[in-house]
1. Report the residue count in segment 27-68 for those that are assigned to a loop (DSSP other than H, G, I, E, B), surrounded by 13 or more Cβ atoms within 10 Å (Cβ to Cβ) and of a type in the set (A, V, I, L, M, F, W, C).
2. How about segment 43-68: which of its residues are among the polar types (S, T, N, Q) and closer than 18 Å to S12 by Cβ?
3. On the given criteria, is G21 more than 7 Å from the ligand (Cβ to nearest atom), assigned to a loop (DSSP other than H, G, I, E, B) and either touching a residue at least 12 places away in the same chain (Cβ under 8 Å) or of a type outside the set (K, R) (or both)?
4. Which pairs do you get when a residue that is at pLDDT 85 or above, found in segment 49-68, comes within reach of a residue that is surrounded by 10 or more Cβ atoms within 10 Å (Cβ to Cβ), reach meaning Cβ atoms under 6 angstrom, with the pair 6+ apart or on two chains?
Amino acid sequence: MYVCVCQAVTDSQIREAMCEGVCSMRELRQRLGVASECGRCSRCALSILRGQQLAISANPPQPAVAFA
Ligand code: FES
């Protein structure tokens, strides 16, 4: 689903950016251009950001286990 029409950014791209370390609206704006023009997407983008942060904190990634 398109979240930011001005920059053609989807919710999947936002989640992908978060998996790569983005964790704030400022970083999202810098990385993908979300909310950098009309700003109508900022509330939806923030909602996705917070939802994803909750999901990650509820189910943190497990460290890789090395077998010798
Ligand atoms: S819809 Fe995102 S800046 Fe306009």
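The values are calculated or read from the model by the stated rules, or taken from the named source; none is laboratory data. All of these numbers come straight from a predicted model, not from anything done at the bench. Cβ placement follows ideal geometry from the backbone for every residue including glycine, while neighbour counts extend to all protein chains displayed.
1. The number of residues fulfilling the criteria is 3.
2. First pass over segment 43-68, keeping only residues among the polar types (S, T, N, Q): 47, 52-53, 57, 59, 62.
Within segment 43-68, S47, Q52, Q53 meet the criteria.
3. Values: more than 7 Å from the ligand (Cβ to nearest atom): yes; assigned to a loop (DSSP other than H, G, I, E, B): yes; either touching a residue at least 12 places away in the same chain (Cβ under 8 Å) or of a type outside the set (K, R) (or both): yes.
Against the criterion (more than 7 Å from the ligand (Cβ to nearest atom), assigned to a loop (DSSP other than H, G, I, E, B) and either touching a residue at least 12 places away in the same chain (Cβ under 8 Å) or of a type outside the set (K, R) (or both)), G21 qualifies.
4. Final answer for the pair search is Q52/R15; Q52/M18.
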